[in-house]
Amino acid sequence: MTEVPVEKAVAVILAAGKGVRMASDLPKVLHPLGGRPLVNWVAGAVAKAGIGRTIAVTGYCADQVEAVLPNGVESVRQEKQLGTGHALLCARESVRRTSPDYLFVLCGDAPLIRASTLQSLLETLIADGASAVILTFNAEEGHRYGRIVRGADGGVLRIVEHKDATPDELSILEANSGTYAFKADIALDLLDSIKNENKQGEYYLTDLIELMIASGQRVSATVTESVLEASGVNTPDQLQRLETALLSEPKE
């Protein structure tokens, strides 16, 4: 793979949620996989990729989460969990402190992300002259993830949530993993324009993507061949499936 300037990037790991569907008081990102907290798998991939700085956004039981983060991982707090866009907004000033060229946003509950995939996302961002690259995966028919609608040139036109999809869009298998690479200055500047005009009253990163596209910025997508690395943990059953997969297919 062509060398990419990952050292000029900052990674923000979203690790503020409780994880209600885990049916546990333990923060979701602290549930163990292979003997390690979920969030530390993600931080490990970031470190292996050579990314310059890592910031975890904590919230629910923040002290517990911050206590187990690997050395060198910084943290900021999202006192009220108002969505993924709001989480990045909470980290914005910390991110800007070192004026990075690039910004990764990762899910603290998606432990099997690979360092090589993060490098590939940045490579695509630069090669395509894009403002954002979304990591996507091919889901099964009937899935309920956000669908990736591409234009004739392969660029992303929009992300359509399941509930808003037309019959034709429901047939799209390519789905949003929730992992992104951005040009840092463009993404951070646009955060103020995200609205919370939805039933949850929250601010979402998918709206940041929509703003980029609306303003004429190119948004690209890279499909991972490993559905495992795009898999988040929301339930004990999902955690057990990843545990089983880890035993049969060790992580990079």
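Note on Asp192 and Ser248: with the Förster distance fixed at 35 Å, the Cβ-Cβ geometry gives a FRET efficiency of about 0.15.
Averaged per residue, what accessible area in Å² does the stretch 148-252 show with a 1.4 Å probe, protein chains only? Present the calculation step by step, with values, prior to reporting the outcome.
Numbers: 5640 Å² over 105 residues.
Accessible area per residue, the stretch 148-252: 54 Å².
Lys-Lys pairs in the chain that are eight or more residues apart or on separate chains and whose Cα atoms lie under 17 Å of each other come to 9.
A simple rule links phi to the HN-Hα coupling: the Karplus curve 6.51 cos²θ - 1.76 cosθ + 1.60 with θ = phi - 60°, which for the stretch 200-215 gives 7, x, 10, 10, 10, 5, 4, 5, 5, 4, 4, 5, 4, 5, 5, 8 Hz, with x for Gly and Pro.
A Gaussian network model of the chain, with springs between Cα atoms under 10 Å, assigns the largest mean-square fluctuation among Ser231, Ser94, Ser171 to Ser171. Comparing mean-square fluctuations of Leu157, Leu118, Leu106 from a GNM of the chain with C-alpha springs under 10 Å, the top value falls on Leu157. The residue list Cys90, Ala67, Ala139 was ranked by how far each Cα lies along the charge dipole of the stretch 67-203 toward its positive end, using unit charges on Cβ atoms, and Ala67 comes out on top. Across the accessible surface of the stretch 99-252, with the other protein chains kept in place and a 1.4 Å probe, carbon and sulfur atoms take up 47 percent. 3J(HN,Hα) couplings calculated from phi for the stretch 23-32 with the Karplus curve 6.51 cos²θ - 1.76 cosθ + 1.60 (θ = phi - 60°) are, in sequence order, 6, 8, 7, 5, x, 3, 6, 9, 4, x Hz; Gly and Pro show x. Under a 5 Å amide H cut-off, with hydrogens placed 1.01 Å from N, Leu33 pairs with Leu38 among residues at least 5 apart or on other chains.
Tell me, what is the percent relative contact order of the stretch 1-151, built from C-alpha pairs under 8 Å that lie six or more residues apart?
On the way: 221 pairs, mean separation 47.2, N = 151.
Contact order relative to length: 31 percent.
Around the Cα centre of the chain, unit charges on the Cβ atoms of Lys, Arg, Asp and Glu (plus for the first two, minus for the last two) sum to a dipole of about 440 debye. Comparing mean-square fluctuations of Val29, Val219, Val149 from a GNM of the chain with C-alpha springs under 10 Å, the top value falls on Val149. Distances between placed amide hydrogens fall under 5 Å for Arg218 paired with Ser131, all partners being 5 or more residues away or on another chain.
Relative intensity of the chain on a log10 scale, I(q)/I(0) at q = 0.14, 0.16 Å⁻¹, equals -0.92, -1.26, per a Debye sum over C-alpha point scatterers of equal strength in the absence of solvent.
The values are calculated or read from the model by the stated rules, or taken from the named source; none is laboratory data. Model, not experiment: these values are computed from the prediction. All Cβ positions, even for glycine, are placed from backbone atoms using ideal geometry, and neighbour counts span all protein chains on display. Ligands, DNA and RNA are stripped out before the accessible areas are found, and what is left, the full protein with its side chains, is counted by its heavy atoms. Shrake-Rupley method; radii C 1.70, N 1.55, O 1.52, S 1.80 Å.
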